[in-house]
Amino acid sequence: MDEELRSLTHRLAEEAGESAAYHRLIATEDDEELAQVLIERERPLWAREIAAFRLGCGGDRRAFETLVLLLNHRDPERCAGAAHALARLGDPRTPRAAAALATNTLRTAYALYPVRLLGELRAPESVPALMTTLRGLLGPDEPHWRVALACVEGLGLLGDGRARPVLEAAVAHPRLGDAAGEALSRLPAP
């Protein structure tokens, strides 16, 4: 069992009440059984999360929709697990979905994991989405500075020269300045 799955199972054990269904979902090697959990009515969220995580990490695209919903969840641990599984899923829809979540100004408070996922995916959608999100978060009293910092770090990781103007603007931000300077140093010379 890898570290991410161990963390997920530990976190969900209490929520699931250590039930027989919980232990079955953790132990099964039957992808069909896991996929059935995603479409059955009245399954608890913990069961859907386990099934989607395991299928996603195994590259089964039937987990995609559930993982995207979890990526947009209020619970950061659910978001982190979904991002981990989506990064391993290899579904071509993932970058577009992550970009849509990252740039949705009504959901900025929950955009940290979609933003981080964009940096990890290195997809064509990544740089434009990170730039758009960061531009909207450069105000002096911005409460979502952690999301902005993740954008800066992602843009530095991606090293795309198109990000230079928005990273230069971020240098003046007290919480982003050092990271923006570091990100700028990773860009190709203008």
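A few remarks follow.
- Computed per residue of the chain from DSSP H runs no shorter than four, each worth -39500 (n - 2.57), the mean residue ellipticity at 222 nm is -20000 deg cm²/dmol.
- Scattering profile of the chain at q = 0.12, 0.14, 0.17 Å⁻¹ [log10 I(q)/I(0), Debye over alpha-carbon scatterers]: -0.60, -0.76, -0.99
- Cβ-Cβ distance of residue 185 and residue 88, R₀ of 45 Å, FRET efficiency by 1/(1 + (r/R0)^6): the value works out to about 0.90.
- Accessible surface for region 89-190, divided over its residues, is 49 Å² per residue with a 1.4 Å probe.
- Gaussian network model of the chain, springs between alpha carbon atoms under 10 Å - residue of 120, 40, 77 with greatest fluctuation: 40
- Long hydrophobic helices in the chain, taken as whole DSSP H segments with a C-alpha length of 27 Å or more on their own axis and mean Kyte-Doolittle hydropathy at least 0.5, are absent.
- Heavy-atom accessible surface of region 121-190: percent carbon and sulfur, 1.4 Å: 55 percent
The values are calculated or read from the model by the stated rules, or taken from the named source; none is laboratory data. Predicted, not measured: the structure shown is a model, and the values here were computed from it. Backbone-built Cβ (ideal geometry, glycine too); neighbour counts: all protein chains shown. Note: accessible area is taken over every heavy atom of the protein model, side chains too, but ligands, DNA and RNA are not part of it. Shrake-Rupley method; radii C 1.70, N 1.55, O 1.52, S 1.80 Å.
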